[in-house]
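Nothing in this text is a laboratory measurement; each read-out follows from the coordinates by a stated rule. In this text, all values refer to a predicted model and were calculated from it rather than measured experimentally. Reconstructed Cβ throughout: ideal geometry from the backbone, glycine too, with neighbour counts over all protein chains shown.
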Amino acid sequence: MRVAINGGGGHGSVVVDIIEKLPQFTLVGILDSRLKLGQRILGYEVLGLPESIQAQIQNHNIQVGQCGARIGSGHPISRGDSSHRANRHKCHDRAGDFVSFASKSCTGGGATIGNFSAICLGTNVIDRITIGEHTVIDAGSTVLHDQPSCSIAYGTPVRITNDRQPGDRYL
């Protein structure tokens, strides 16, 4: 499936990392109002402004999904290993498949993050914590204790606020 990214900034680079790891997608370029047409960013050509999306869909045979939530049919963009460049993670941490670490998240070492989990903006995970699969730790949280699979948690210290199921939308 041929896709384009709307926005070539920091989050765009995370989406590029995700798409490049999913063999069912071919990234054809980036739509961005701040970049010049034809310029290359993250190794991909700027195809035009987001306002020109209808023309780009036809010109490049791009599949369309829900903005910000899915790429094509049924593939959430939160799935794919990604870590923003500003993060601090120790070499002894273990992250499962398709884990996302947002900007300024930090792990203290020896952390284990389960498959399909997301650590949101500015979250701190102390030493030797285990976060289960399909778990979302919300922005600005501090994780002091292990977190179970299939949960949403936030706060300092973090507490579980909701359950979630595999395949549920990110938040």
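Given Cα positions, please report Rg to Rh for region 82-163, the hydrodynamic radius being the Kirkwood one.
A ratio of 0.91.
Pull out the extension gain between residue 159 and residue 146, defined as 0.36 nm times the separation in residues minus the alpha carbon to alpha carbon distance; nm, one decimal.
Once the chain is fully extended between residue 159 and residue 146, it gains 3.6 nm.
In what sequence, highest mean first, do 156-165, 132-141, 7-16 appear when ranked by Cβ atoms within 10 angstrom?
My ranking of the peptides, most packed first, is 132-141, 7-16, 156-165.
Along the Cα-to-C-beta direction of residue 94, a point sits 7 Å from the Cα; which residues of region 112-127 have their amide N less than 20 Å from that point?
112-119, 125-127
How much length, in nm to one decimal, is gained on full extension between residue 20 and residue 39, taken as 0.36 nm per residue of separation minus their Cα-Cα distance? Write out the running numbers ahead of the final one.
Working: separation 19, 0.36 × 19 = 6.84 nm, distance 1.95 nm.
Between residue 20 and residue 39, full extension yields an extra 4.9 nm.
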